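This report concerns only the one structure given below.
The values are calculated or read from the model by the stated rules, or taken from the named source; none is laboratory data. Being a predicted model, the structure only gives us computed values, none of them experimental. So basically every Cβ, Gly included, is an ideal-geometry build from the backbone, and we count neighbours across all protein chains shown. Heavy atoms of the whole protein, side chains included, go into the accessibility calculation; ligands, DNA and RNA do not. Shrake-Rupley method; radii C 1.70, N 1.55, O 1.52, S 1.80 Å.
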Amino acid sequence: APASVAELTPLAPSHNERNGGAAFSPEGRHLAHFRGPSAARVVIRELVTGLEREFPFGAPLGDGGIRWCTSDSIIATGYVGGSVVYRVNIKDGSVQRLPITPSPLPAPLCVAGGEEIIYVPSVPAIERKLLVRRSLTSGRETTLFEGPVEKLAGSPDGKQPALVTVDLKESTGGVVTMAAAGGN
């Protein structure tokens, strides 16, 4: 039998609502997760005190994902008649739907202090062939990678994305890393 590192600590659902899609904050002090039928809102839980704040989306997101941008903001993705992305500002409580249509997987990455995101634009799954960096202020987009993108991860400092790319015809795949600004 595998050895246990620590006891599991389940998060009890509030009002018998389902919890899901968890992500720890960069400093490890908070946990963000979805709550409610079909992930209708995100909860930020302070781990030491157990205090929670909830942020409603106005629509259920279904099976979405959460990524922390900074200690004060997150990106939440889901599906509401198509793929959607929301930015949640934890300081002021605002929830903003971003004007992009990403592929539901992989979830976008935050870079440049949460002012820019790296994402795969939504196209049929077999044709996910671009990785794009977008300024949330100006809307300017730059193509960082051309080729199939299956998975996307970011370095803890937000300066380097890593992606998994697959060639279905050749039955091969690989991991690619690059600077968040593009290039090598």
Entirely in segment 133-183, the strands (runs of 3 or more DSSP E) that have 3 or more residues that are open to solvent by less than 40 Å² (accessible area, probe 1.4 Å) and modelled with pLDDT of 80 or more: 161-167
Which of the residues that make up segment 22-41 are open to solvent by 40 Å² or more (accessible area, probe 1.4 Å), small (Gly, Ala, Ser) and either within 13 Å of the chain's Cα centre (by Cα) or within 15 Å of residue 88 (Cβ to Cβ) (or both)? 22
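Per-residue answers, yes or no, for (1) of a type in the set (D, E, K, R); (2) over 28 Å from residue 157 (Cα atoms); (3) modelled with pLDDT under 90:
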{"position": "4", "(1), (2), (3)": "no, yes, yes"}
{"position": "7", "(1), (2), (3)": "yes, yes, yes"}
{"position": "16", "(1), (2), (3)": "no, yes, yes"}
{"position": "22", "(1), (2), (3)": "no, no, yes"}
{"position": "27", "(1), (2), (3)": "yes, no, yes"}
{"position": "32", "(1), (2), (3)": "no, no, no"}
{"position": "44", "(1), (2), (3)": "no, no, no"}
{"position": "51", "(1), (2), (3)": "no, no, no"}
{"position": "58", "(1), (2), (3)": "no, yes, yes"}
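Quick check on segment 114-121. Is at least one of its residues open to solvent by less than 30 Å² (accessible area, probe 1.4 Å), in contact (Cβ under 8 Å) with a residue 60 or more places away in the chain and part of a strand (DSSP E or B)?
Residues of segment 114-121 open to solvent by less than 30 Å² (accessible area, probe 1.4 Å): 114, 117-120.
Within this subset, residues satisfying the condition of being in contact (Cβ under 8 Å) with a residue 60 or more places away in the chain are 118.
Then drop every residue that is not part of a strand (DSSP E or B), which leaves 118.
Yes, the conditions are met somewhere in segment 114-121.
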Members of segment 73-85 found to be without any contact (Cβ under 8 Å) to a residue 40 or more places away in the chain and either open to solvent by less than 20 Å² (accessible area, probe 1.4 Å) or not in a strand (DSSP E or B) (or both), listed by number: 77, 78, 80, 81, 83, 84, 85
